[in-house]
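Student: Can you keep this structure in mind? I'll have questions shortly.
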Amino acid sequence: MIKTAESVSLGHPDKTADYITGYILDRLIEQDKNVRYGVEVMVKDQTVVLGGEIGGNVSLEKLEEYVKQAIREIGYDERYAALWGDKALNIHKIKVINLISQQSAEIYQGVQQDGWGDQGVFVGYAAQDAGNINHELYLARTLNKALYEKARQSDNLGVDIKTQITLDGDDILTAVVAIPMLKPEDLTDFVCEILGQKPKKLIINGTGSYTVHSAVADCGITGRKLACDFYSTAAPIGGGSPWTKDATKADLTLNLYARRLAVENLADNDEVWVYLSSCIGQYCLPSAVLKWRKGNVFGEKNLEIEARPSVLIKKFGLNKPVYAKLCREGLV
């Protein structure tokens, strides 16, 4: 069976947007571990737009500083600006537009009763393969991470990277790489070494050249790389953007929990899927279903789960500044 998966680096404009909001949330949790937060980000050219709601004992005076530091951590720092100029995000020219307001008092009321801050559906997945994920996604992520680390140390390669792997069984039919280059550089041997085999077809920068990148070439918006963040096409996508909300909203928390349940129930199954749903203001989940595959045999059962936000937040340490790290490393 032919399967394909894609991965993107933090330097991709959508992931840059994800990382900025996660980084800001970390800084606000340092001020108030109970901060209520839902902030989306759009990045275009040298402008970062922040829009959403925040509630808590926090100061927003340093928002612009937080945005710029997040961008530096991704790799778009002063050194990068000297190399790439206006072909990419330029730390010297960043402008921040703040459209943040107070969180709804009605949402706050439900959360204070240890209920979830939103309704939604959430999916966890696990497979008997490296990293307990589908192999095509594992390879796409492994290659992307290696290229990103290489680019961070390079004077020629950029950090806005996409990788895509197509498998037929264990054979790599096609590997696709998009990585900015100031001048042509042959990465064939590097790619083959990371993948552990030579793909039948390897495409690096399919247009022939790739210099202008990041938000200069493409508008970045939070939550647009959910297939990369989760499990590619191996499982449905659940919840909203996991990186833009505090833990009470459930977008991150219940996706983490679904993933944990899937891994815990993998045992000798080949694949496991966990489907959860939430109701705003309530902690009892309207539905919780476990499905599995072993060979050609499929099964499923209902789960009885009382998932109090306070318990899961403590379980996963989500009242600490871990959001940028999770955005960088992923749910798995």
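Student: Is it the case that THR207 is in a loop (DSSP other than H, G, I, E, B) and surrounded by fewer than 17 Cβ atoms within 10 Å (Cβ to Cβ)?
Tutor: For THR207, the condition - in a loop (DSSP other than H, G, I, E, B) and surrounded by fewer than 17 Cβ atoms within 10 Å (Cβ to Cβ) - is met.
Student: Follow-up question, since we're still on this one. Taking the range 66-97, which residues are out of contact with any Lys or Arg (no Cβ under 9 Å at 6 or more places or on another chain) and among the charged types (D, E, K, R)?
Tutor: Within the range 66-97, LYS68, ARG72, ASP77, ARG79, LYS87, LYS93, LYS95 qualify.
Student: Tally time: how many residues in the range 54-73 are in a helix (DSSP H, G or I) and either under 23 Å from LEU99 (Cα atoms) or more than 23 Å from the chain's Cα centre (by Cα) (or both)? So that I can check it myself, show each step before the final result.
Tutor: Step one: filter the range 54-73 for residues in a helix (DSSP H, G or I), giving 63-73.
Remaining after also requiring either under 23 Å from LEU99 (Cα atoms) or more than 23 Å from the chain's Cα centre (by Cα) (or both): 63-72.
Number of matching residues: 10.
Student: Across the range 73-83, what is the total count of residues that are touching a His at 6+ places or on another chain (Cβ under 8 Å) and either in contact (Cβ under 8 Å) with a residue 40 or more places away in the chain or among the hydrophobic types (A, V, I, L, M, F, W, C) (or both)?
Tutor: Number satisfying all stated conditions: 1.
Student: Here are GLU40, GLU53: which of them is of a type outside the set (Gly, Ala, Ser), under 30 Å from VAL176 (Cβ atoms) and outside the structural domain of GLU149 (by TED's automatic domain parsing)?
Tutor: Testing whether each residue is of a type outside the set (Gly, Ala, Ser), under 30 Å from VAL176 (Cβ atoms) and outside the structural domain of GLU149 (by TED's automatic domain parsing) leaves just GLU40.
Student: Same structure, new question: What about LEU99, is it in a strand (DSSP E or B), in contact with a strand residue (DSSP E or B) (Cβ under 7 Å, 6 or more places away or on another chain) and of a type in the set (A, V, I, L, M)?
Tutor: yes
Student: Now a separate question. Restrict the check to the range 171-190 and report whether at least one residue is out of contact with any Asp or Glu (no Cβ under 8 Å at 6 or more places or on another chain), assigned to a loop (DSSP other than H, G, I, E, B), at positive phi and touching a residue at least 40 places away in the same chain (Cβ under 8 Å).
Tutor: Checked against the condition, which is being out of contact with any Asp or Glu (no Cβ under 8 Å at 6 or more places or on another chain), assigned to a loop (DSSP other than H, G, I, E, B), at positive phi and touching a residue at least 40 places away in the same chain (Cβ under 8 Å), the range 171-190 yields no hits at all.
Student: Name the residues in the range 112-141 that are under 15 Å from the mean Cα position of the chain (by Cα) and part of a helix (DSSP H, G or I), would you?
Tutor: LEU137, TYR138, ALA140, ARG141
Student: Of all residues in the range 197-254 being among the acidic types (Asp, Glu) and touching a strand residue (DSSP E or B) at 6+ places or on another chain (Cβ under 6 Å), which is farthest from VAL48 (Cα to Cα)?
Tutor: Only one residue tops the list, namely ASP251.
Student: Right, something else. Name every residue in the range 52-72 that is touching a residue at least 40 places away in the same chain (Cβ under 8 Å) and of a type in the set (S, T, N, Q), in order of residue number.
Tutor: GLN69
Student: Same structure, new question: Are any residues in the range 125-155 of a type in the set (Lys, Arg) and surrounded by fewer than 22 Cβ atoms within 10 Å (Cβ to Cβ), and if so, which ones?
Tutor: Within the range 125-155, LYS145, LYS150, ARG152 qualify.
The values are calculated or read from the model by the stated rules, or taken from the named source; none is laboratory data. This structure is a prediction, so every number in the text was calculated from the model and none was measured. Cβ: placed from backbone, ideal geometry, glycine included. Neighbour counts: every protein chain shown.
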